[in-house]
Amino acid sequence: MVEVVRADAVVVGAGTSGCYFAWRLNQAGFRTVVLETLALAEVGQSIDVFHMDEVRFDQFGLDHPDGDELLGHYSSGLAWSPDLEVQNKVDYAFYVMHKPSFHRRMHRLVRDTGGEILERVEVLGPIVEDGYVVGVQARRDGQPLEVRGSVVVDAAGIDGVLRTRLPEELGVETDAITVQDTLYVCLEFRDEVGEGMPTGLNFYPYHKAFWNPSRGSSVILGIGQPGGYEVAWQRHAEWREEYFCDPGRVLKRTQGRTPYRRSPYSLVGNGFMVMGDAAFQTKPFSGEGVTSSFTACQIAAEVAAGALKAGDVSREALWPYNVRYFRDQGARFASMFVQLPAAAELSRREVDFLFHSDLIFSSEDFEQMNLHYATEMSPGKMLSMGVKLLGGVLGGRFSWASVKRLLEVSGRAAKMRALYERFPEDPAGFDAWAAEARLLWGEV
Ligand SMILES: Cc1cc2nc3c(=O)[nH]c(=O)nc-3n(C[C@H](O)[C@H](O)[C@H](O)COP(=O)(O)OP(=O)(O)OC[C@H]3O[C@@H](n4cnc5c(N)ncnc54)[C@H](O)[C@@H]3O)c2cc1C
């Protein structure tokens, strides 16, 4: 006999997304069971130290970090030009935090609101009956386990163990993430870095790298690059050697993957929802994903609660999660995924020119991007940008081809945002919308 566990909602993954969703749904009066393949004490160990935006704690109803969780607080950071001559101050506060401790808090929130977390349970795939996802097949201590619920959630991280195994008729894309759509994040923890080295939060957009504080006087030199760990570590070494040589001593190196691609067109099917890294909800400009996933998890929990209350967990009933997510944050992220690769392809000289001219990489642009996930363009700002870029072209510091490319992508990005802001109200309009989206993404 296979052991069967039942709950209102089954959540795969006790990371930040799965726990935030479960906590919110428990608070709405439903019972969740969260399944985690690791021992709970191991969750978050591999990343160890991470950063969370201060403003998001109030937004998501979480107490600000304290005690073991809190390693530091920085009210601003610096964005550096490749030639290091310009440092733009970005007034946007981050906490530096101990990830395993934050996970412990999230686990407590789930349990204190009546949820259950089963550790060392490896989920193998969904159970689908009569066109609905009704549970998951899993394994605990080598024994089969079935966990059943009315709503089944994939919050299992980048590889999306459920989403990628759904039958086609559920209406959710099932393609696995590719190497090119993945950021390989490499972190090097160093200590005793000595005088003259950066302090506080430092971001090097041209290299997609950062120098941030860790615990005590130690620092993290990090990078996120597509193409694999080998490429990413190679770029890490080149960046570090060029700017800092070999400061202090290496305490440890860690690495991990984070998605860098558009979300699946639909995040719901009958009895099914996907969120967090499993739904590719990381911020396009930084690869961070904890708080941007909370946006989705909060909407998803509200929608799931309504559906459970009404006793209808069909794709139609769960659809408002798609609508609310894609018309807002999803639209901004889709637009950025069109725009940012063009900025990433600019030459070093061009990025230096933009920094020196206070264009695209300005303090204001970074602040708006962090806070609103978009940079607003007033007519005055656009005019001044046009004049400065023309000056750059005439002075040989910016290529005409790049101007054309930036104009082209900003037009496409605006179209993409408008398309997502028109995400269909119900599934009836979805096929036509998705066909339009495929065309637009195909051009990108
Ligand atoms: C090196 C690195 C540094 C980062 N730093 C930051 C940062 O500073 N700030 C920030 O906001 N973001 C950061 N990110 C991104 C961030 O870690 C993710 O966006 C975020 O953790 C996503 O949370 P999640 O819960 O969706 O997925 P995950 O954190 O991946 O959690 C998924 C959980 O599901 C479990 N699981 C997977 N498969 C199964 C299965 N088959 N059965 C049962 N359980 C399963 C996993 O063990 C895991 O615990 C970083 C990423 C990396 C790689």
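Restricting attention to the stretch 1-31, the residues being assigned to a strand (DSSP E or B) and within 21 Å of the chain's Cα centre (by Cα) number 2.
Each row is one residue, and each column tells you yes or no for (1) in contact (Cβ under 8 Å) with a residue 40 or more places away in the chain; (2) under 27 Å from residue 198 (Cβ atoms).
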| site | (1), (2) |
| --- | --- |
| 56 | yes, yes |
| 103 | yes, no |
| 113 | yes, no |
| 116 | yes, no |
| 119 | yes, no |
| 128 | yes, no |
| 139 | no, no |
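Of the residues 365, 358, the single one that is over 26 Å from the mean Cα position of the chain (by Cα), surrounded by 13 or more Cβ atoms within 10 Å (Cβ to Cβ) and within 23 Å of residue 91 (Cβ to Cβ) is 358. Scanning the stretch 260-271 for residues that are among the hydrophobic types (A, V, I, L, M, F, W, C) and either assigned to a strand (DSSP E or B) or more than 14 Å from the ligand (Cβ to nearest atom) (or both) returns a single hit, 268. What is the residue count in the stretch 403-439 for residues that are open to solvent by 20 Å² or more (accessible area, probe 1.4 Å) and more than 21 Å from residue 268 (Cα to Cα)? Count: 12. In the stretch 344-391, which residues are in a helix (DSSP H, G or I), small (Gly, Ala, Ser) and touching a residue at least 40 places away in the same chain (Cβ under 8 Å)? Residues satisfying the conditions are 344, 363.
Report whether or not residue 274 is among the β-branched types (Val, Ile, Thr), away from the ligand (no atom under 15 Å from the Cβ) and at pLDDT 95 or above. No. Among the residues that make up the stretch 121-142, is at least one of them open to solvent by less than 40 Å² (accessible area, probe 1.4 Å), near the ligand (Cβ under 10 Å from one of its atoms), closer than 20 Å to residue 261 by Cβ and touching a strand residue (DSSP E or B) at 6+ places or on another chain (Cβ under 6 Å)? Scanning the stretch 121-142 turns up no residue that is open to solvent by less than 40 Å² (accessible area, probe 1.4 Å), near the ligand (Cβ under 10 Å from one of its atoms), closer than 20 Å to residue 261 by Cβ and touching a strand residue (DSSP E or B) at 6+ places or on another chain (Cβ under 6 Å).
For the condition within 10 Å of the ligand (Cβ to nearest atom) and either of a type outside the set (Ser, Thr, Tyr) or surrounded by fewer than 17 Cβ atoms within 10 Å (Cβ to Cβ) (or both), residue 175 does not qualify.
In the condition set (1) closer than 28 Å to residue 19 by Cα; (2) within 14 Å of the ligand (Cβ to nearest atom); (3) open to solvent by less than 20 Å² (accessible area, probe 1.4 Å), residue 209 is compliant with all but (1). Kindly establish whether residue 44 is at positive phi, within 14 Å of the ligand (Cβ to nearest atom), touching a residue at least 12 places away in the same chain (Cβ under 8 Å) and under 21 Å from the mean Cα position of the chain (by Cα). Yes, satisfied. Does any residue of the stretch 159-170 turn out to be among the β-branched types (Val, Ile, Thr), within 18 Å of the chain's Cα centre (by Cα), open to solvent by 20 Å² or more (accessible area, probe 1.4 Å) and within 11 Å of the ligand (Cβ to nearest atom)? Taking every residue of the stretch 159-170 in turn, at least one turns out to be among the β-branched types (Val, Ile, Thr), within 18 Å of the chain's Cα centre (by Cα), open to solvent by 20 Å² or more (accessible area, probe 1.4 Å) and within 11 Å of the ligand (Cβ to nearest atom). If you check 234, 281, 180 for being open to solvent by 20 Å² or more (accessible area, probe 1.4 Å), within 29 Å of residue 154 (Cβ to Cβ) and not basic (Lys, Arg), only one passes: 180.
Take the stretch 227-245 and flag every residue that is in contact (Cβ under 8 Å) with a residue 12 or more places away in the chain, away from the ligand (no atom under 13 Å from the Cβ) and more than 19 Å from residue 193 (Cβ to Cβ). Across the stretch 227-245, the qualifying residues are 227, 228, 231, 235.
The values are calculated or read from the model by the stated rules, or taken from the named source; none is laboratory data. This one's a predicted model, so the numbers in the text were calculated from it and none came from an experiment. Cβ coordinates were reconstructed from backbone atoms using ideal geometry, including for glycine residues, and neighbour counts include every protein chain displayed. We work out accessible area using only protein heavy atoms, side chains counted, and drop any ligands, DNA or RNA first. Shrake-Rupley method; radii C 1.70, N 1.55, O 1.52, S 1.80 Å.
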